[in-house]
Amino acid sequence: MGRSVTYLVVALAVLAAVVIVVAVRVRRSAATRPGGRSSDATAQSLRGDPLRLGLGDRVRIRNREYAVSGTIRLVEGDWSWVQHLLDDDTGTRYRLSVEDGPALELVLWTAEPGASVTPGAPTIDLGRRRYTWAETGQARYTATEQVGLPSEGTMRYHDYQSGGGARLSFEAYGEEGWRVARGHLLHPADLTILPGSGER
């Protein structure tokens, strides 16, 4: 009787260990899938690679169309991301940042040229919203000539976040002053790369 109980306990322990190992492997597999882009739903919503957009390509973000007017590619250590400058028919300058890390992160930014705030504080209030510091760093960049920057150089940045996917960024290219922009985190389904775009 004692041996039977011992065997049963051991068998249950082995079964529990197998279940845990399988669950961890499934979770790791899902986490290392870049932005989940191997899934059919995300691939269909993007209809292309947002990292490979080029001059003249067009995207639709939340029912508004934009044309890509330039691109900045940035590298900081092992981390890299892309910023596409976007134009619409209003004359407002936007940019789409694309970060292809463990999860695909898309942020639509709107320039705030009149903002008088500067980075460095733990929190910043702007536009009836409080942003909290997230990260600071310096990256190397290369840029297409349409963006009005030298073709390569360094960029310093301070990033802040708020609720609801709100973002605030400060960027300084070379020796220039801070550029301020407010952004909103996008879901991949918010972005559609229009046919013929992003296929280089």
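Just a few scattered comments:
- Qualifying residue in the range 137-145 (condition: within 22 Å of G77 (Cα to Cα), part of a loop (DSSP other than H, G, I, E, B), out of contact with any Asp or Glu (no Cβ under 6 Å at 6 or more places or on another chain) and open to solvent by 40 Å² or more (accessible area, probe 1.4 Å)): yes
- Filtering S69, S97 for residues that are under 16 Å from L149 (Cβ atoms), under 18 Å from the mean Cα position of the chain (by Cα) and of a type outside the set (V, I, T) leaves a single hit, S97.
- Put simply, of A134, A121, A115 the only residue that is farther than 23 Å from N63 by Cα, in a strand (DSSP E or B) and open to solvent by less than 50 Å² (accessible area, probe 1.4 Å) is A134.
- Within the range 62-106, the set of residues being in contact with an Asp or Glu (Cβ under 6 Å, 6 or more places away or on another chain) and open to solvent by less than 30 Å² (accessible area, probe 1.4 Å) comprises Y66, A67, V68, S69, W81.
- Filter pass, V59 being modelled with pLDDT of 95 or more, in a strand (DSSP E or B) and more than 24 Å from L194 (Cα to Cα): no
- Yes/no for T110 being open to solvent by 20 Å² or more (accessible area, probe 1.4 Å) and over 15 Å from L85 (Cα atoms): no
The values are calculated or read from the model by the stated rules, or taken from the named source; none is laboratory data. Please read all numbers here as calculations on a predicted model, not as lab measurements. Cβ: placed from backbone, ideal geometry, glycine included. Neighbour counts: every protein chain shown. The protein model used for the area step is the full one, side chains on, heavy atoms only, and it has no ligands, DNA or RNA in it. Shrake-Rupley method; radii C 1.70, N 1.55, O 1.52, S 1.80 Å.
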